[in-house]
Amino acid sequence: MKKRRFSTQQLLAFILLAAFAAPAIFYVVRLIDFGKADREEATRNAIAQYSPAAPAASEFLKEGELQLLNAKGDTLKKIDIELATNDTERAKGLMFRQSMTDGQGMLFIQDKEEPQSFWMKNTYISLDILYINQQNQIVKIAKMAQPHSEVSIPSEKPAIYVLEVNGGFCDKYGVKEGDKIVWKSLDNQ
């Protein structure tokens, strides 16, 4: 059996190839092992740096009280509400909130009654989204909206109010389309 010998040129070519390939191999292995965590961290950093809503994941601010009523007028649940009454507050909504209790919600007050559409971008908690008309009747419920989703969630019917509560809230308290709300602002007391 004949031993194969490598020439100096072949050996040098192999060493150069290995030197250039090693960083690429390391990078690919790192992407496979750590890519998801790195991308998630980079996304969080980018949001914190460039999003106007990101710096302050604000605490719940009680600005009113709301009752959910069934068709008979019986109270299903009473909650404290935070109000979103202008474009800035409505755009921020519950973005970056880490948690909310079942006794809390956010009521969006729109400028006019028309079909509405919400999304879950930068929202960390699952929500039930209730669309409500001028007669205070729930016309559409979107249950368990997925955190961070950029998929539009339409009301399909005209609404002037939108109530966001924890995901699963409507099933837990028996809230259905056709039920009503009664609410008051603490400013009006």
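The values are calculated or read from the model by the stated rules, or taken from the named source; none is laboratory data. Being a predicted model, the structure only gives us computed values, none of them experimental. Cβ coordinates were reconstructed from backbone atoms using ideal geometry, including for glycine residues, and neighbour counts include every protein chain displayed.
A few comments on the model shown:
- Just so you know, in region 86-131 the residues that are hydrophobic (A, V, I, L, M, F, W, C) and assigned to a strand (DSSP E or B) include one that is surrounded by the fewest Cβ atoms within 10 Å (Cβ to Cβ), and it is 109.
- Test: residue in region 132-144 that is of a type in the set (S, T, N, Q), in a loop (DSSP other than H, G, I, E, B) and surrounded by 17 or more Cβ atoms within 10 Å (Cβ to Cβ): yes
- Any hit, region 118-127, residues being assigned by TED's automatic domain parsing to the domain that holds residue 172 and over 12 Å from the mean Cα position of the chain (by Cα): no
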